[in-house]
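The values are calculated or read from the model by the stated rules, or taken from the named source; none is laboratory data. In this text the structure is predicted, and so the values were computed from the model without any measurement. We place every Cβ from the backbone using ideal geometry, glycine too, and count neighbours over all the protein chains shown. The accessibility values were calculated without ligands, DNA or RNA, using every heavy atom of the protein model including side chains. Shrake-Rupley method; radii C 1.70, N 1.55, O 1.52, S 1.80 Å.
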Amino acid sequence: MSNFDFDFFVIGGGSGGVRAARVAASLGARVAIAENDRYGGTCVIRGCIPKKLLVYASHFANDFSDAEAYGWSLSSTSFSWQKLIAAKNKEIARLSQIYQDLLTSSGVTMLNGLARFVDTQTVELNGKKISAKYILIATGGKPYRPSISGIEFAITSDEAFDLPQLPKRILIVGGGYIAVEFAGIFRAFGTEVTLSYRGEQILRGFDTDLGLHLQEEMRKKGIQLLLNSTVSKITKQDDGMLTASVDNTDSTFDAVMYATGRIPNIDRLDLAAAGVDIASGGISVDPSSRTSTSNIFAVGDVTNGVALTPVAIREGSAVANSLFGPAEHIADLSLVPSAVFSQPPIGTVGLSESQALDQYGEVDIYSANFRPLRNTISGNHEHTFMKLVVDTKTQKILGVHMIGADAPEIIQGLAVAIRMGATKADFDKTIDIHPTAAEEFMTMREKKTKSK
């Protein structure tokens, strides 16, 4: 009989932690999981799921507008922010309960509270010490708030999901995926949106053409983009309105939202007590998710890895299988597809043009920019952009990028082809489905060869 209270102790009830706990329990380990909030983590509670629900809701604005051109007569439409948030909360509660039910049915002991390290094999929870042979840290991330005057008056994505009223005017600070997603959501609901970003172009880290195309589409929708700009302070007026100083120009808003990135949620773990090293603000791990302390592991957003829910799930499963299964597992993160639920949305997999040039020296670029068939009748001016990045020598496709309706759904399927090593000739030989937007990936013929 083990001298430890549990074989495996998981700190954090998000997607990565829950998957690891369930897999470990299925392999016969005695498992406990601690969570100081609702189960489901960032994705279910204040991230992917509620955001996508708000995106769905916001799309109806354009759908209603387009419907008239297709022969539908709509006498009137109205929108209730409060009704939407209530429906969102109901769904989130349902999903959170499912997570708990899955843990219960798997035989995992669920503990409520904030766990912190006492030593390498002991945590303290609600004043009680608990020992474990292996410990997994899966506490996720949290919004980053810069130190400027009046930052306490600003909200983040965490609070944006539960605003009591829809803002009439909002300033969103940031240029990453969270910033552009909420800019599209609020604008579709009728809010006047200003986005301030310190960089020259939004969506740093994505293929440059995607960011440029999205900037154009956002401006078409009436979103004011202030690039190369800095917010120096925020002040609150007596009537509750907020004044933000952007490049020394004051403007008034109902709300100021900061979407300037997320950082690992490690402040209250007492990692030093367990000798766990930190680098660049996150927990350092090797390819098997092992920290500097051999029996302690970390997965998901709490590390400096790829901050995506499916990645955390894959990492958590790999840790559990390695510890309690017959062989070691390492999560393969060499080709991770991703999406931005902006308006229009983005789907991408593989290397950007600049990354491919750095690694291969010479690439062939194929692209298409067109008005989708649906928009020809409606008068909607939104365009779709697609791009293939191909190794000139081998003709292997290195990256596939799209911005337009259904881009994430389309790229998910193409990600399989890219992982299997598809070439441009494979795409050319594939018969396309007509009329679709996706067929453009099969019919691109004009190329531009670029060298580093």
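Some observations on this one:
- The lysines whose alpha-carbon is closer than 21 Å to the alpha-carbon of K447, local same-chain residues fewer than 8 away aside, are K387, K393, K396, K424, K429.
- Helix axis angle, 309-324 relative to the chain longest principal axis, alpha carbon, degrees: 30
- Computed from the C-beta positions of L74 and R204, the FRET efficiency with R₀ = 30 Å rounds to 0.15.
- Residue-span extension gain [D66 to T394] - 0.36 nm each, minus C-alpha spacing: 113.7 nm
- Between the listed residues V23, S65, S367, the Cα displaced farthest toward the positive end of the dipole of the chain, a dipole computed from Cβ unit charges relative to the Cα centre, is found at V23.
- Comparing the chain with the 2.2 N^0.38 Å rule of thumb, its C-alpha radius of gyration ratio is 1.06 (two decimals).
- Sites R374 and N3 - FRET efficiency at Förster radius 51 Å, r taken between beta-carbons, to 0.05: 0.20
- Contour minus Cα-Cα distance for I278 and S149 (0.36 nm per residue): 43.6 nm
- Summed side-chain charge close to D247 - residues other than D247 whose Cβ falls under 13 Å, Lys, Arg +1, Asp, Glu -1: +1
- Principal semi-axes of the equivalent ellipsoid, √(5λ) from the alpha carbon gyration tensor of the range 371-413, are 28, 11, 6 Å from largest down.
- Straight Cα distances below 20 angstrom link K220 to the lysines K168, with same-chain residues fewer than 8 positions distant left out.
- Shape box of the range 200-305 [Cα atoms, principal axes, largest first, Å]: 52, 42, 20
- Sorting L226, L269, L373 by solvent-accessible area of protein heavy atoms yields L373, L226, L269, largest first, with a 1.4 Å probe.
- Structure-based [θ]222 nm, the chain - -39500 (n - 2.57) summed over DSSP H runs of at least 4, per residue, nearest 500: -10000 deg cm²/dmol
- Carbon and sulfur %, accessible surface of the chain computed with the full protein complex present, 1.4 Å: 50
- Angle in degrees between helix 81-105 and the longest Cα principal axis of the chain, rounded to the nearest 10: 40
- Measuring only protein heavy atoms, the 1.4 Å probe finds E216 accessible over about 100 Å².
- Shape category assigned to the range 326-419 from the gyration tensor of Cα positions, a/c cut at 1.5: oblate
- Residue separation of A87 and V118 scaled by 0.36 nm, minus their Cα-Cα distance, works out to 7.0 nm of gained length.
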